[in-house]
Amino acid sequence: MKVTILKGSHEIGGNCIQLSSGKTTLLLDAGLPLSADSQPVDLSHLIVDALLVSHPHQDHFGLMASLPPGTPVYIGRLARSLIDATQVFLGKDRYALDFHDFKAWQTFTIGDFTITPYLVDHSATDAYAFLIEAEGKRLFYSGDLRSHGRKGVLFENLVKRPIRDIDVLFLEGTMLHRTNDQFPDETAVENTIFQTIRQQKNISFLLSSSQNIDRIVSAYRACKRADKLLVIDIYTAWVLEQLRQITQNTPAMDWPEVRIFARHSQDEILKAKPDYFGDFRKRLYLNRVRREELHATPESFLYFAKMSSFRFIDEFKNAAAPVNVIYSQWLGYIDRKHAGQFGSDEISAYRGDPAVNFVCAHTSGHAPVGDLQRLAAALNPRMLVPIHTEHGEDFSHIFANVVRLNDGETWSL
Ligand SMILES: [Zn+2]
């Protein structure tokens, strides 16, 4: 088996690994780099038998459209629906690729490769690690994973009943030099949301990703405990609708504690694609909350918002009863060195605004070092290769059998 990290050996994001065996070539993720300083790999001339996508985060799938047309793409079904939803709500064309679904823990083959997807806990839903076998060699790719989300049992299962005889482990190292001590798990996040909203005199806004399902669940649970209503937009309602494919246990738009705030621009998207959305628009309006209602009793609501919601947040600013802005995603987005997202300057400025009570409540989508060590020790690979990290140089102090590969180096297994 020949292995080449095209991208991702020295940075967080942009994962792209090429594997070849016999007549078959696979691509493992086609990620867009997160850092503006990093150039994306040119995949437009890369002929592969298939792309395997670990999860629906841009830094793992964002380059797939640049592959030659007709390239087969293997991805979880829900992950594919969520990527599709984003394209539709951004008004972009849906990806015209040759999509194939796989199911968790069900082995399938692509040419000379045998692949087993392992469902993992991550801030993206429908996220997988992969066991990939060819020529008697076994490679395990962690994708992005953690143990402290709401599906942490999946990580513990990998530790308790490890896969044996791993020749190479590609292990993500996002959390090297970072900690999640302040919010060790999703329950800690939920508790901070609950404490913030329980006696609020004004509305609260929670800023996070609509595809971070654990976070929506935390917001919902905090609302239920505090006797508040969770307000979501049309896009978030559609994301929750997609989750119906796999579970009835996550909040949905017709649950009694959930309301929809219908923005005109999102409603126009529903109207433009009636075949795609079916009766969703009709059902949506049964649980609608209007702007006047939010202003009449703002203390009744927690609004699941985005960075771009600052103008709406401003409507509720009040020095006598500060509006709660619960920042619930990576702080890097509002730190100056990573600014540039729409709304990041405005949201950042709330930190010094007397009309705003700015609260942080976030836990990472990635395993801290201690958990990575437990996983690496359990899998006990013959070689451990750093990926998705800015600190690959430190791996050898933390893990056994570390071999570093640079972007573009080809290596025979
Ligand atoms: Zn990710």
*Which value in Å is the Kirkwood Rh of segment 1-115 over different Cα pairs?*
14.5 Å
_Kirkwood Rh over alpha-carbon pairs of segment 240-282, then Stokes-Einstein at 37 °C and 0.692 mPa s: what D in µm² s⁻¹, rounded to an integer?_
279 µm²/s
*Which whole-Hz ³J(HN,Hα) couplings does segment 312-328 yield from phi under the Karplus relation 6.51 cos²θ - 1.76 cosθ + 1.60, θ = phi - 60°, glycine and proline marked x?*
5, 4, 4, 4, 9, 5, 7, 5, 6, 9, x, 6, 7, 10, 9, 7, 10
*Each residue of segment 233-238 in order: what ³J(HN,Hα) in whole Hz does its phi give by Karplus 6.51 cos²θ - 1.76 cosθ + 1.60, θ = phi - 60°, with x for Gly and Pro?*
8, 5, 4, 4, 4, 5
_Cα-based Kirkwood hydrodynamic radius, segment 255-410, one decimal, Å_ = 20.2 Å
*asked:* I need the shape label for segment 118-269. Rule: rounded when a/c is under 1.5, else prolate if a/b > b/c, else oblate, with a, b, c from the alpha carbon gyration tensor.
replied: prolate
*Using only Cα atoms, find the angle between the long axis of helix 186-197 and the longest principal axis of the chain, and express it within 0 to 90 degrees, rounded to the nearest 10.*
10 degrees
*Report P(r) for segment 149-210: all Cα-Cα distances, bin width 10 Å, range 0 to the bin holding the largest distance, values in whole percent.*
14, 33, 29, 15, 7, 2
*Take CYS360, CYS16 and sort them by solvent-accessible surface of the protein heavy atoms, 1.4 Å probe, largest at the top.*
CYS360, CYS16
_Where Rh is the Kirkwood radius over Cα pairs, Rg/Rh for segment 61-127_ = 0.98
*Mind pulling the angle between the C-alpha long axis of helix 77-89 and the longest principal axis of the chain? Nearest 10 degrees, somewhere in 0 to 90.*
50 degrees
*Starting from one equal scatterer on each C-alpha and no solvent at all, send me the Debye-based log10 I(q)/I(0) for segment 42-185 at q = 0.11, 0.17, 0.20 Å⁻¹, two decimals.*
-0.46, -1.06, -1.35
*Would you please give the residues with an amide H less than 5 Å from that of ARG259, counting only those at least 5 places away or on a separate chain, with H modeled from the backbone geometry?*
LEU230, VAL231, ILE232
*Long-range Cα-Cα pairs in segment 294-381 (distance over 19 Å), rounded percent*: 50 percent
*LEU384 long-range amide H proximity, modeled H, under 5 Å*: LEU169, VAL402, VAL403
_Residue-span extension gain [ALA188 to SER396] - 0.36 nm each, minus C-alpha spacing_ = 71.7 nm
*Counting only residues 5 or more places away or on other chains, whose amide H sits under 5 Å from the amide H of ALA127 once H atoms are built in the peptide plane?*
VAL120
*So how compact is the chain: Cα radius of gyration and Dmax in angstrom?*
21.9, 70
*Just how much of HIS264 is accessible, in Å², when a 1.4 Å probe is used and the result is rounded to the nearest 10?*
130 Å²
_Whole-angstrom gap from segment 96-157 to segment 353-372, using each part's C-alpha centre_ = 27 Å
*Just from its helices, what would the mean residue ellipticity at 222 nm be for the chain, if runs of 4 or more DSSP H residues each count -39500 (n - 2.57) and the sum is divided by every residue, rounded to the nearest 500 deg cm²/dmol?*
-7000 deg cm²/dmol
_Using distinct alpha-carbon pairs, which all enter the 1/r mean, Kirkwood radius of segment 213-253 in Å_ = 10.5 Å
*For LYS160, which lysines qualify as cross-link partners when the Cα separation must be under 20 Å and same-chain residues fewer than eight apart are set aside?*
LYS151
_Around THR24: net Lys/Arg minus Asp/Glu count, Cβ-Cβ under 15 Å_ = -1
*For LYS224, LYS317, LYS282, write out the residues from largest to smallest accessible area, computed with a 1.4 angstrom probe and no ligands counted.*
LYS282, LYS224, LYS317
*Using all Cα-Cα distances in segment 107-182, what percent lands in each 10 angstrom bin from 0 up to the longest?*
17, 48, 28, 6, 1
*Under Karplus coefficients 6.51, -1.76 and 1.60, residue-wise ³J(HN,Hα) of segment 366-374 in Hz, glycine/proline x*: 10, 5, x, 3, x, 5, 4, 5, 4
*Taking N as the number of residues in segment 1-57, what is its alpha-carbon radius of gyration divided by 2.2 N^0.38 Å?*
1.12
_Spatial separation of Cα centroids for segment 206-268 and segment 7-64, in angstrom_ = 31 Å
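The values are calculated or read from the model by the stated rules, or taken from the named source; none is laboratory data. On a predicted model such as this, the values are computed, not experimentally measured, just so you know. Here Cβ is always computed from backbone atoms with ideal geometry, including for glycine, and neighbour counts include all displayed protein chains. Remember, those area values only see protein heavy atoms, side chains included, never the ligands or the DNA or RNA. Shrake-Rupley method; radii C 1.70, N 1.55, O 1.52, S 1.80 Å.
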